[in-house]
Amino acid sequence: MLNEILVGRDLFDLAKYGSKGMGYIAKHIVGDKGETHLTTPVLFDLSRPHILGLFGKRGQGKSYTMGNLIEELMLFPDNIRRNLAGVVIDTMGIYWSMKYPNDRDSELLSEWGLKPRAFDINLMIPFGHKKLFEDDNVPFDSIFSFKPSELNTSDWALSFNIELDTEMGILLQRVMKQILGTGNYSIDDIIEVIKDEDAEKLTKENLINRFIVADEWGIFNQDGSNIHSIVKPGKVTVIDVSHFSQASGGWSVKSLVVGLLSRKILDARIKARRMEEEESLEGGSGEGHMPITWMFIDEAHEFLPMVGTTAASLPLLQWVKVGREPGVSLVLATQMPNKLHQEAISQCDLVLTHRLTSSKDIDALTQVMQSYMKYGIENYFDTLPKVKGAALVLDDNSEKLIPVRVRPRMSWHAGGSPIAIKD
Ligand SMILES: Nc1ncnc2c1ncn2[C@@H]1O[C@H](COP(=O)(O)OP(=O)(O)O)[C@@H](O)[C@H]1O
Ligand SMILES: [Mg+2]
């Protein structure tokens, strides 16, 4: 046991499972600045629910490290993997490249005792973005959509950026009151209801326009994806939301997608948990068909901001607050931890942070785990070597701070340059 550092595992699980269900993410850095060397492998617990904060300023390796966590989920032996699933919110459209091995770094990988390897991720895109992907020659596996009837008043208001106490907000509430509960209605059905409402002509036209634009987001149809086509046992699904442009209110659409997914997954997990418990009472296998789910969110401060509310805020806060019980886990990556919702920061039981320089971001971190840090965290950053992947790991469970270097990726990391794969 001494030759591995196990992060996020309590003593009970340690005694029972050892290092089973843990992912190899990094190596411990020993020494100071010029004279550092890598020693013990650092493994992260991926079998229990966690809230993992992944921080660091731009270009330091957050998205890359997130890829390592995803790889590890998919490397578990079948008996563990089939109880887990991953959903990646890909804001930059970079995780498709996990389908290709990281051949370019094969030498580096072999220094770590690893080999380049392709991963069979399930790449899903909004059904309305098919042509965009085909034109860009980016392969995808399937499409997703939501039913308009799955949205409540506040989902629409937040996505449209409408205050509920304005004229348009009041009209929206009246319309939703009429149509909610009338079955599987379409956006056209909503528009018809607006037309029939007794309200200012301009207000009606403006609201109708919002719904026409919403139709163009390419995420709504009356079929709607079943959550089991998105969350599959043993699989990692990458949800590519990179094509929602600024023009059509990009971040509010992305937030809506995350909000709807989080809600559906949590509901399904709560049901599955109940079934698992009933089964285990009867001595069954205890395995529901809805696996324990990890959601990986890049640019998390856009979805769950400190200030303001998005369509993802409430559903994600639910995960943060009650996720342990039904078994949902979150990885929240951001270059600005001080812009991330206070509750999310304070609920992180694991943190992997690459270098941060802004004092506000460092302060945000200090709040999380100051109880067991001898010095200010900036002192610990100072001791890190200036190499890619250098980071600090903070483990609430063992109250330890561990300087690490994150391992190289087995699969291709597209970073910000998707063309690189052609060479
Ligand atoms: N652990 C690592 N080992 C080797 N190279 C890394 C590592 N982490 C990051 N890099 C390099 O740094 C680049 C930027 O990392 P990235 O994760 O995209 O940054 P960001 O923090 O902005 O998400 C990557 O494209 C990769 O080349
Ligand atoms: Mg990134």
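Once the dipole of the chain is set up with Lys and Arg at +1 and Asp and Glu at -1 on Cβ about the Cα centre, which of SER359, ASN379, ILE265 lies farthest towards its positive end? My answer, from the dipole projection, is ASN379. For the range 237-273 and the range 154-197, write down the distance between their C-alpha centroids in whole Å. What the calculation gives is 20 Å, centre to centre. In this label model, GLN178 and THR366 are separated by 5.6 nm, measuring between points 7 Å along each Cα→Cβ vector.
Looking at the range 278-412 only, what percent of DSSP beta bridges run antiparallel? Nearest 5 please. List each step's numbers first, then the result.
Working: 11 of 16 bridges.
Within the range 278-412, antiparallel bridges account for around 70 percent of the total.
Look at where the Cα atoms of the range 314-344 and of the range 289-305 average out, and the two centres are 8 Å apart. Residues SER245, SER149, arranged from fewest to most other Cβ atoms within 10 angstrom of their Cβ, appear as SER245, SER149.
Of all DSSP beta bridges confined to the chain, the antiparallel ones make up roughly 40%.
For MET275 and HIS289, the difference between the fully extended length at 0.36 nm per residue and the C-alpha to C-alpha distance is 4.1 nm. Per-residue 3J(HN,Hα) values for the range 196-210, derived from phi via the Karplus relation 6.51 cos²θ - 1.76 cosθ + 1.60 with θ = phi - 60°, read 7, 6, 8, 8, 3, 4, 5, 4, 4, 4, 4, 5, 4, 4, 4 Hz in sequence order (x marks Gly and Pro). Of LYS130/LYS232; LYS130/LYS204; LYS20/LYS386; LYS62/LYS264, which pairs sit farther than 30 Å apart, going by alpha carbon to alpha carbon? In this structure, LYS130/LYS204; LYS20/LYS386 exceed 30 Å between Cα atoms. Here the extension length gained between THR166 and GLU111 equals 13.7 nm, from 0.36 nm per residue of separation less the Cα-Cα distance. Contact order for the chain, expressed relative to its length and based on alpha carbon pairs under 8 Å spaced 6+ residues apart, stands at 28 percent. Of the residues GLN178, GLY218, TYR100, the one whose Cα sits farthest toward the positive end of the charge dipole of the chain, with +1 on the Cβ of Lys and Arg and -1 on the Cβ of Asp and Glu, is TYR100. Taking the chain as a Gaussian network, where each spring joins two C-alpha atoms under 10 Å apart, which residue of TYR64, TYR375, TYR185 fluctuates the most? With Cα springs under 10 Å in the chain, the top fluctuation among TYR64, TYR375, TYR185 is at TYR375.
Report, in debye and to the nearest 20, how large the dipole of the chain comes out about its Cα centre when Lys and Arg carry +1 and Asp and Glu carry -1 on their Cβ. Mind showing how you got there, number by number?
Details: 46 positive and 57 negative charges, 220 e Å.
That gives a dipole near 1060 debye.
Between rounded, prolate and oblate, where does the range 15-166 land on the alpha carbon gyration tensor, with a ≥ b ≥ c its root eigenvalues, rounded for a/c under 1.5, else prolate if a/b exceeds b/c? Since a/c reaches 1.5 and a/b is larger than b/c, the shape of the range 15-166 is classed as prolate.
Dividing the convex hull volume of the alpha carbon atoms of the chain by its residue count, what do you get in Å³ per residue? Each step should come with its number before you reach the end.
Details: hull volume 63.9 nm³, N = 423.
Expressed per residue, the convex hull around the Cα atoms of the chain is 151 Å³.
Tell me what the chain gives for mean residue ellipticity at 222 nm when only DSSP H runs of n ≥ 4 count, each as -39,500 (n - 2.57), the sum divided by the residue total, rounded to 500 deg cm²/dmol.
-11000 deg cm²/dmol
Summary value for the range 302-423: 19 percent relative contact order, contacts being C-alpha pairs under 8 angstrom separated by 6+ residues. Can you list the aspartates and glutamates whose alpha carbon is less than 14 Å from that of LYS16, not counting same-chain residues fewer than 8 positions off? Leaving aside aspartates and glutamates fewer than 8 places away in the same chain, those within reach of LYS16 are ASP45.
Computed from the coordinates by the stated procedures, all read-outs in this text should not be read as laboratory data. Here the structure is a predicted model, which is why all the values come from computation and not from measurement. Cβ sites come from the backbone with ideal geometry, for glycine too, and all protein chains shown count toward neighbours.
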